[in-house]
Amino acid sequence: MKQKLTLGGTAFHTINYLALTLLAAATLYPFLNLLAISLNQSMDTVKGGIYLLPRKFTLDNYILIFQNQRLFSSVSLSVARTVIGTTLALIATIMVSYALSRTEYVLRKPLNTIIVVSMYVNGGLIPYYLLIKNLGLTNTFLVYIIPGLIGAFNVMIMRSFFDQLPSGLIESARMEGASEFQVLTRVVVPISLPVIATISLFVSVSHWNAWIDNFLFNTRESLSLLQYELMKILLQSTDQIGAGNMDSIDPEMMRMTTPESIRATMTIFVTVPILLVYPFLQKYFIKGMTLGAVKE
Amino acid sequence: MAFQKYSIPKGIFGSPFVGFDQFAELFKDDQFYNALRNTLAMSVMGLVSGFVCAIVLALLLNEVRLTLFKRTVQTIVYIPHFVSWVVISNIMIFVLSPDYGPFNELLKYLGLIEEPIYFLSKEKWFWIIHTFAGLWKELGWSTIIYLAVLSGVNPELYEAADVDGAGRFKKMIYISFPSLLPTATMLLILAVGHLISTGYESQMLLGNSLVIEYSKVLDLYALDYALKLGDYSYGVAISMFKSMVSIILVLGVNQLAKRLGQSHVL
């Protein structure tokens with residue numbers, strides 16, 4: 001579409017591009033700044049003036065955090081949680097959504113309503129806490145997996161995708177003698193890969209980012225997640241936990257670095273896995289999001 | 001449980017029944033009103049700023065014709081959505097830090113301040129910082145749906161406007177913006193149901209004891225009572241109050257939505 005550019009039009013465009021570039025820069029800059037700080041010598045960082053590039057390049061900060069034994073166990077735990085949690089949640093979500101999308105299922109309507117309601121109304125924090133406690137899930141690894149198996153929002157998105165699959169497809173598979181389970185695994189799942197990719201992204205990111213359940217339910221240090229370790233370091237700096245609680249950084253390390261550098265390094269370390277996965281899934285999740293939302 | 005004086009060893013059947021005592025105590029507590037005020041203030045600020053900015057950003061992005069530029073901006077502004085609040089608050093603390101934090105540096109460079117300000121220790125700033133952090137995190141993400149709607153607008157409308165001599169800006173105001181309104185109304189209605197439950201992660205992480213008067217929300221208040229003081233019934237009463245309000249809000253806006261002829265959820 002060719003168009004004559006008026007003066008006002010050009011001005012508008014220039015400002016528009018400029019504003020958007022500024023916004024993108026404002027989003028990106030803190031990450032880059034932290035990255036630079038994490039790669040800069042900590043004693044040098046204290047003097048300030050680190051912007052986009054490290055001034056005295058070093059990997060010391062990273063070497064230091066890797067020496068921390070607790071970090072290693074919390075990383076493996078976080079990875080385990082993300083992998084196991086996402087796999088099980090996907091299986092559960094697919095099965096629930098598929099059942100809810102079948103029109104011949106008698107309880108379809110009431111169950112759908114119950115799931116939607118659960119998105120808006122819940123028992124509240126303290127009852128939830130007591131529930132988990134009475135189920136005996138406190139101080140177990142399972143508390144990371146079980147409560148998150150089925151998310152209402154994910155079910156809604158996936159169900160609306162299943163809803164619009166042509167019903168002839170499923171009928172013809174059935175005619176050729178496929179059992180209900182085969183219909184699901186051989187026909188429905190393979191053609192639903194975009195929405196499955198979307199949901200796995202959502203679920204895995206939320207598993208990776210979760211720390212509240214760690215904070216509330218698992219006080220044993222052997223069950224600490226990476227995010228929780230980071231959060232403890234964060235709170236040390238904002239005084240909520242109190243000054244006497246510097247135990248996640250050992251004194252040996254403190255002599256060679258500063259809390260600021262450690263925080264920057266940890267932050268980058270926690271963020272990088274997400275940034276690595278995210279660009280590949282971007283085209284799927286945009287589709288998945290709009291599909292779930294517009295169809296409501 | 002909210003109607004009992006619950007104690008763990010006695011359990012739910014052994015604890016004495018006290019009727020509405022917990023609620024009576026709740027409504028007498030100044031701290032409760034404080035937490036309620038914080039919750040509502042931060043929700044409303046987040047809601048309004050989130051909506052306005054997302055719509056503006058979607059409109060601006062929609063005007064961009066260079067696909068590569070548009071894609072890059074989109075990719076970048078979606079990133080913070082995938083990062084946890086722990087990381088976001090870490091970043092915020094860095095950005096707002098009085099020791100060479102970028103924001104203070106920027107203000108100094110522009111000559112607006114002489115001495116760095118320690119923003120996170122100022123009570124008055126907390127709501128604003130919180131809103132800003134939330135905006136920074138979710139702004140890009142919330143444009144996705146608007147952009148999808150905009151891409152579905154009938155191109156004939158724009159062509160007709162061209163013929164009638166409308167410029168870019170006019171088209172944006174008179175065609176793009178109105179076509180977003182139905183979706184925006186629906187999302188707004190859905191969001192109102194969540195008004196009283198802002199979540200508490202962000203407040204807990206960004207807040208500190210200096211600004212606690214302004215950062216404590218209902219959930220944190222309940223958590224304090226239940227976990228630190230062991231008064232579970234009181235915590236449950238707070239949670240129940242919250243749930244009641246959100247049920248009323250959801251049902252209310254759902255009715256309103258039906259009457260306005262918008263799509264509804266229940």
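Please state which one of A:Gly242, A:Gly288 is modelled with pLDDT under 80, buried (at least 19 other Cβ atoms within 10 Å of the Cβ) and more than 9 Å from chain B (Cβ to nearest Cβ).
A:Gly288
Restricting attention to the range B:196-255 and to residues that are modelled with pLDDT of 75 or more and of a type in the set (S, T, N, Q), the residue that is farthest from B:Glu123 (Cα to Cα) turns out to be B:Gln255.
Scanning the range A:68-110 for residues that are hydrophobic (A, V, I, L, M, F, W, C) and either within 14 Å of chain B (Cβ to nearest Cβ) or in contact with a Gly (Cβ under 8 Å, 6 or more places away or on another chain) (or both) returns a single hit, A:Ala89. Residues in the range B:78-115 that are modelled with pLDDT under 75 and facing chain A (nearest Cβ under 9 Å) were compared, and the one that is surrounded by the fewest Cβ atoms within 10 Å (Cβ to Cβ) is B:Asp99.
Go through B:Leu205, B:Leu210, B:Leu195 for me and flag whichever is in contact (Cβ under 8 Å) with a residue 12 or more places away in the chain and assigned to a helix (DSSP H, G or I). That would be B:Leu205, the only listed residue that is in contact (Cβ under 8 Å) with a residue 12 or more places away in the chain and assigned to a helix (DSSP H, G or I). With respect to the conditions (1) without any contact (Cβ under 8 Å) to a residue 40 or more places away in the chain; (2) assigned by TED's automatic domain parsing to the domain that holds A:Ser192, A:Tyr51 falls short on a single one, namely (2).
Residue by residue, here is whether (1) of a type outside the set (A, V, I, L, M, F, W, C); (2) facing another protein chain (nearest Cβ under 9 Å); (3) in a helix (DSSP H, G or I) holds:
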{"site": "B:Ile76", "(1), (2), (3)": "no, yes, yes"}
{"site": "B:Ile117", "(1), (2), (3)": "no, no, no"}
{"site": "B:Thr131", "(1), (2), (3)": "yes, no, yes"}
{"site": "B:Ser142", "(1), (2), (3)": "yes, no, yes"}
{"site": "B:Leu147", "(1), (2), (3)": "no, yes, yes"}
{"site": "B:Val153", "(1), (2), (3)": "no, no, no"}
{"site": "B:Glu159", "(1), (2), (3)": "yes, yes, yes"}
{"site": "B:Ala166", "(1), (2), (3)": "no, no, no"}
{"site": "B:Lys171", "(1), (2), (3)": "yes, no, yes"}
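Against the criterion of being touching a helix residue (DSSP H, G or I) at 6+ places or on another chain (Cβ under 6 Å) and without any contact (Cβ under 8 Å) to a residue 24 or more places away in the chain, B:Leu68 does not qualify. What about A:Lys47, is it in a helix (DSSP H, G or I), basic (Lys, Arg), over 22 Å from the mean Cα position of the chain (by Cα) and within 14 Å of another protein chain (Cβ to nearest Cβ)? It is false that A:Lys47 is in a helix (DSSP H, G or I), basic (Lys, Arg), over 22 Å from the mean Cα position of the chain (by Cα) and within 14 Å of another protein chain (Cβ to nearest Cβ). Tally up the residues in the range A:168-193 that are surrounded by fewer than 15 Cβ atoms within 10 Å (Cβ to Cβ) and in contact (Cβ under 8 Å) with a residue 40 or more places away in the chain, please. Qualifying residue count, the range A:168-193: 1.
Of a type in the set (Ser, Thr, Tyr), closer than 30 Å to B:Leu223 by Cα and modelled with pLDDT of 85 or more: is that true of A:Ser78 in this structure? Walk me through how you get there before you give the answer.
Numbers: of a type in the set (Ser, Thr, Tyr): yes; closer than 30 Å to B:Leu223 by Cα: yes; modelled with pLDDT of 85 or more: yes.
Here the answer is yes, as A:Ser78 does meet what is asked.
The values are calculated or read from the model by the stated rules, or taken from the named source; none is laboratory data. Nothing here was measured: the structure is a model prediction, and the numbers come from that model. Positions of Cβ are backbone-derived with ideal geometry, glycine not excepted, and every protein chain shown enters the neighbour counts.
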